[in-house]
Amino acid sequence: MSSVLASVVVFFTVLHLTQVTATIRSCVQCDDAVSSGCPATLTSTPCPDSSYDQCTASRTTLYDANGAMVRTVVTRGCSRSSSVRNDECTYSTPADATLNGYFEYTCTRSCTTNGCNTFTPQGTAPGPLYCCIDRSGNNRYRCPIDQGFCYSTVVYRSSASQTGVTHNEVQGYELVSEERGCRATALTSQCSDTQLDGSNAVVTTCQETCQTHGCNDGWPHRPRCLQCGSIPSTVASGSDPCLYNPEEASACSRPYHQYCVYIDQGRSGRLTSNLADNRGGYSRSIVRGCSATDIGTQCRDIQNVDTTFQQCNKTCTADGCNHGMGGSSRPATSLVVLFVTSLLTYVTQSTFSY
Ligand SMILES: *[C@@H]1O[C@H](CO)[C@@H](O)[C@H](O)[C@H]1NC(C)=O
C-alpha cells in the first residue's frame, strides 16, 4: 500500500517538476531570403522562449503575371499557433506593390518535437478537418492533424413507456448536455437508455462520429429529415415545392426524433405524383418531417363525411429517406417489377442455355 502511495507521490513530483521547468522548444531556424541554403540547413537552435511550442517550415513560390516562376523561398522557425498545420497551401498577393499581377503560393507545415521542421512543405498532404463546436453549424474549429473525426454526443432525460406521444413531443424531455468537436478515433454510432430506479425516468446517451467538414451539427445517431408541408395557395396555383422539390434534409429539433416520416394525402384509389389528384375538393397535400414515433409505411382510405381520400404514410431512419411520395401507383410498380424480373429470368436462361 505504502509503496503504491510512494510511487504515486514520485509520479506527481516528476509531473510537477516537468511543468515547472517548462522546456524551451528547439527548431531549425533559417530564412532563404536572408541567407541562402535554408533548404539544406538542418541544425536546430532554441526558440526565443517557452511560449513557442511548434516548429514550422514554409515554402513560398513567387510567380509573375504570366505564371512564370520567379523564385522560391524556404523559411524554418518557431511558432505558437493554436493548431498544427498539415502542409496547408494558400495563394496571396506580394506585399511589394511594384510586383503588379504577381502572386505567391505558400505551403506551411508545422510539428511539435525538437528539430522536427527539417522538411520542405510541398502541399501534397491532406488538409485539416473542420468540425462544428455547437449545433448552429456556424462555428467550426480546425482540427489538429491527428484528429480526423468530428464527433457529437448528447445526454437527455425523458419518460419511458409512454402510452401516447402528443404533438411529436416526448413526455418529460430535458436536455442534459451536448458536446461537439474533433477527435482522433471513431465512436460507434449509437444511443443507449438507462432506466432509473423507482419511476419510468430514463436517461439516453447518444454518440456519433463523421468525417466531412462540419458534419457533426446534427443529433448523434439520429437521421436528418426533409421538413416541409404543402402550402394550399401554391398547390392551388399548380405547384408544390414540398411535394416535388423539397429542400435538403436537415437536423431535427429534438434528439429523440428517431424517424423521418411523411404523410401524403390525395385522391382515393389514385394518389399519384399528379398535383391535381386532390381530395374531392380539398387540395392534395404532403407533410414531411421528423418523428419520435413510427407511424408506419402504408396507405389507407380515409372516409371524411362525404369524401373518401387516400392517406399514405412512410417511416424510415436514414438521412433524407422521407423523399418521394405515397400513392396507389404501387400495383403498377409491382407489375413493372414482375415484368423486369421475368425478363431477367428469360435473359439469364437464354444466356446459360448456350
Ligand atoms: C399516418 O400517421 C398519422 C399520425 O400518426 C396517423 O394518424 C394516421 O392514421 C396514419 N395513416 C396511415 C395511413 O397509416
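Each reported figure results from applying straightforward, stated rules to the coordinates on display, with no laboratory input. Just so it is clear, the model here is predicted, and its values are computed rather than measured. Neighbour counts run over all protein chains shown; Cβ positions are idealised from the backbone, glycine included.
3J(HN,Hα) couplings calculated from phi for segment 245-262 with the Karplus curve 6.51 cos²θ - 1.76 cosθ + 1.60 (θ = phi - 60°) are, in sequence order, 10, x, 5, 3, 4, 9, 5, 6, 6, 10, x, 8, 6, 8, 10, 9, 9, 9 Hz; Gly and Pro show x.
A crude spin-label estimate for the pair S159 and T98, with each label 7 Å from Cα along the Cβ direction, gives 8.0 nm.
From a point 7 Å beyond the Cα of S177 in the direction of its Cβ, which residues of segment 138-153 have a backbone N at a distance under 20 Å? Taking a point 7 Å out along Cα→Cβ of S177, the residues of segment 138-153 whose backbone N falls under 20 Å are 150-153. A simple spin-label model places pseudo-atoms 7 Å from Cα toward Cβ; at A201 and E169 they are separated by 2.0 nm.
Treating r as the C-beta distance of T112 and S192 and R0 as 45 Å, the FRET efficiency rounds to 0.80. Other residues lying with their Cβ under 13 Å from the Cβ of Y130 contribute a combined charge of +1, Lys and Arg counting +1, Asp and Glu -1. Residue ranges 213-221, 309-317 sort as 213-221, 309-317 when ordered by packing (mean number of other C-beta atoms within 10 Å per residue, highest first). Listed peptides 253-266, 181-194, 122-135 appear in the order 253-266, 122-135, 181-194 once ranked by packing, highest mean of other Cβ atoms within 10 Å at the front.
Legend: calculated FRET efficiency, S239 to A125, from the Cβ-Cβ distance at R0 = 51 Å, rounded to 0.05, equals 0.60. Projected label points at Y105 and I24, each 7 Å from Cα along the beta carbon direction, are separated by 3.8 nanometres. Full extension of the segment from A33 to S250, taken as 0.36 nm per residue of separation minus the current Cα-Cα distance, would add 73.1 nm. Between S51 and Q298, the contour length at 0.36 nm per residue exceeds the Cα-Cα span by 82.5 nm.
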